[in-house]
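One structure is given here, and the rest of the page talks about it.
The values are calculated or read from the model by the stated rules, or taken from the named source; none is laboratory data. Every value quoted in this text rests on a predicted model; they were computed, and no experiment measured them. Ideal geometry is used to build each Cβ from the backbone, glycine not excepted, and the neighbour counts take in all protein chains shown. Areas reflect the complete protein model, heavy atoms only, side chains present, ligands, DNA and RNA absent. Shrake-Rupley method; radii C 1.70, N 1.55, O 1.52, S 1.80 Å.
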Amino acid sequence: MIELQNLNKLFNQTHAVDDVSLLVNSGEFCMLIGSSGCGKSTTLRMINRLIEPTSGSISINGEDVKSVPVEDLRRKIGYAIQGVGLFPHQDIFENIATVPKLLKWSKTEIEQRVEELLTLFHLDYETFAHKFPHQLSGGQQQRVGVARALAARPELLLMDEPFGALDAITRNYLQDEMLRIQKQLNITIIMVTHDIEEAVKLGDKIAVMDKGKLLQVASPIELMRNPRDGFVRELVGGDDRALNLLSLVKVEDVMTPIADIGKKPQSQHLSDKDNLRDALSRLLWVGESSLPVINSEGKIIGNVALVDILAKGKKQK
Amino acid sequence: MILRYLKFVFPLTALILLVLMIVDIELFSGFFGYFSKNSAPAIYVRDHYANIVGWHLFTVFIASVGATIVAVSVGVFVTRPAGEAFMPLAKMLANLGQTFPPIAVLALCVPLVGFGMEPILVALFLYGLLPIFENTITGLQQVPKPVLEAARGMGLTQGQRLFNVELPLAMPVIVAGIRVSVVINIGTVAIGSTVAAKGLGEVIIAGLLTDNMAFVLQGGIMVALLAIVIDKAIEIISPS
């Protein structure tokens, strides 16, 4: 559990972070969102003490971050940034091994861990371990960056717009990867972003900041349905608000279940784990008013109609 | 294709010539004979060339090691937050060292440290500081910001960041500065012989004093060959 209490940061005369209090539970994926210069990165960087707050306190599992030496604190917290910052003079293996080496892990432990992490990120050990960062694509570099941040099994991972510089396809893929990995490792993640779509897709909890102030903290659905007036409404109230809302609901939650009649699925179908945004897109594309739903075993388990989806995307009062 | 080999042919030829001249300068007595007038000796024989070149390089080596240690240390210091305020002062002093003519340094040093190797060491040291210092600063400043940010965020201490990240990344630029400094000093050290330092300068000065062009050429050619060979040698061993 990470607790930020009445956090303030003054740069010269400007109030970069203005009385921010935030609670992030263990295992939660918390998104810090706002436009550039709103203080979200500053807030994040105060957690691992890259920036010292002017006033206020931060505690992790009840322990004040100031009670441990700053290097020890940072080695226990994963940190991934937009620029990745892989060490260009070290190969992928050495890059990932950075923190374990600082923590004086044994050689075999480090080797095991690097292999484990590369596998986790679908990077082949033989191919990648001894390549240098410049030989990797941007997406691969960022995967290594996150792997490096996770090397010493931190319980908390801080990410500062990690996918901001990547193309849409790679970004999407890495977002899915992060969701999978966060569940698999059950770690707490605090991620800074300016992209509401990313925030809705990844976050269990979204904290909206503007001009140094924390305006609203809510689950994605709550934020979509009941945004506070002003900046938050502007942020979530775009034309694709309904679509963002749909992306939060899974097909299996709205389908009409039907008993498996042993029929082979048609060529066009939906999967139970798809979200409604994708399902809607598919329905529009094939021009059907409903499609069968199959589960992971390929069996038909239900049916989704266009009207069911439309109802979910509607404004609720 | 040819150009690629030419890059090596030139320094290699210089190396072979240099070695031949050091081992047996008599091989070239015919060539240098053309330049000696009035049956003056064509070959400098007061000392063996291995000895002369040895002293020449030794002097440059000592001065360059000193300049490297000081310039890199100061360069590191003024790029730390604690030393940032001293950057303009350090730059000014390094520039001063470069603008102050080595011959003037010699003149000022002799009364203080006497004749011999010491005054030229001081002159070379001062003259060699600037390129190394400038390159150390440039090299450290061009380390990408995200790399430093990540290093700090992962919990590397200041010392670990300097020795494991910053210096290795700045090394090619720093070595380029050392290379420039050394090559300049291989030429400059020759003037040390005006204050009785041993080295190839004594051959050139002996030639100038006796109006013997053969000596002047011998010394001059060997200084040039040394500079070419050492320049290439540092390039080859320097990290890319």
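Taking region A:55-75 as the region of interest, how many residues are touching a residue at least 40 places away in the same chain (Cβ under 8 Å) and either open to solvent by 30 Å² or more (accessible area, probe 1.4 Å) or within 14 Å of chain B (Cβ to nearest Cβ) (or both)? Before you say what the answer is, go through the steps one by one.
Here is the first cut: in region A:55-75, the ones touching a residue at least 40 places away in the same chain (Cβ under 8 Å) are A:55-62, A:75.
Adding the requirement that they be either open to solvent by 30 Å² or more (accessible area, probe 1.4 Å) or within 14 Å of chain B (Cβ to nearest Cβ) (or both) leaves A:55-57, A:60-62, A:75.
So the answer is 7.
Scan A:3, A:52, A:28 and give me the residue that is surrounded by fewer than 20 Cβ atoms within 10 Å (Cβ to Cβ) and closer than 25 Å to residue B:166 by Cβ.
Numbers: A:3 fails: closer than 25 Å to residue B:166 by Cβ; A:28 fails: closer than 25 Å to residue B:166 by Cβ.
Being surrounded by fewer than 20 Cβ atoms within 10 Å (Cβ to Cβ) and closer than 25 Å to residue B:166 by Cβ holds for just one of A:3, A:52, A:28, which is A:52.
Which of the residues spanning region B:166-181 are open to solvent by 10 Å² or more (accessible area, probe 1.4 Å) and either more than 11 Å from chain A (Cβ to nearest Cβ) or β-branched (Val, Ile, Thr) (or both)?
Of the residues in region B:166-181, the ones open to solvent by 10 Å² or more (accessible area, probe 1.4 Å) are B:166-169, B:171-173, B:175-176, B:178-180.
Across region B:166-181, the qualifying residues are B:173, B:175, B:176, B:178, B:179, B:180.
Could you count how many residues in region A:104-152 are polar (S, T, N, Q) and within 19 Å of the chain's Cα centre (by Cα)?
3
With respect to residue B:163, determine if the residue is without any contact (Cβ under 8 Å) to a residue 24 or more places away in the chain and more than 7 Å from chain A (Cβ to nearest Cβ). Quick ask: steps written out before the conclusion?
On the way: without any contact (Cβ under 8 Å) to a residue 24 or more places away in the chain: yes; more than 7 Å from chain A (Cβ to nearest Cβ): yes.
Criteria met by residue B:163.
Only one of A:48, A:95, A:8 is polar (S, T, N, Q) and more than 14 Å from every other protein chain (Cβ to nearest Cβ). Can you tell me which?
It is A:8.
Hey, any hits in region A:101-114 for a residue that's open to solvent by less than 60 Å² (accessible area, probe 1.4 Å), within 11 Å of another protein chain (Cβ to nearest Cβ) and not in a helix (DSSP H, G or I)?
Within region A:101-114, not a single residue is open to solvent by less than 60 Å² (accessible area, probe 1.4 Å), within 11 Å of another protein chain (Cβ to nearest Cβ) and not in a helix (DSSP H, G or I).
Is there any pair linking a residue in region B:80-106 that is under 9 Å from residue B:123 (Cα atoms) to one that is among the polar types (S, T, N, Q), with Cβ under 8 Å and at least six apart or on different chains, and which?
These pairs meet every condition: B:102/B:188; B:103/B:194; B:106/B:194.
For region A:110-139, which residues satisfy the criterion of being of a type in the set (Val, Ile, Thr) and either touching a residue at least 40 places away in the same chain (Cβ under 8 Å) or out of contact with any Lys or Arg (no Cβ under 8 Å at 6 or more places or on another chain) (or both)? Walk me through how you get there before you give the answer.
Within region A:110-139, the subset of a type in the set (Val, Ile, Thr) is A:110, A:114, A:119, A:127.
Those that are of a type in the set (Val, Ile, Thr) and either touching a residue at least 40 places away in the same chain (Cβ under 8 Å) or out of contact with any Lys or Arg (no Cβ under 8 Å at 6 or more places or on another chain) (or both): A:114, A:119, A:127.
Could you list, in sequence order, the residues of region A:88-100 that are surrounded by 20 or more Cβ atoms within 10 Å (Cβ to Cβ) and outside any helix (DSSP H, G or I)?
A:97
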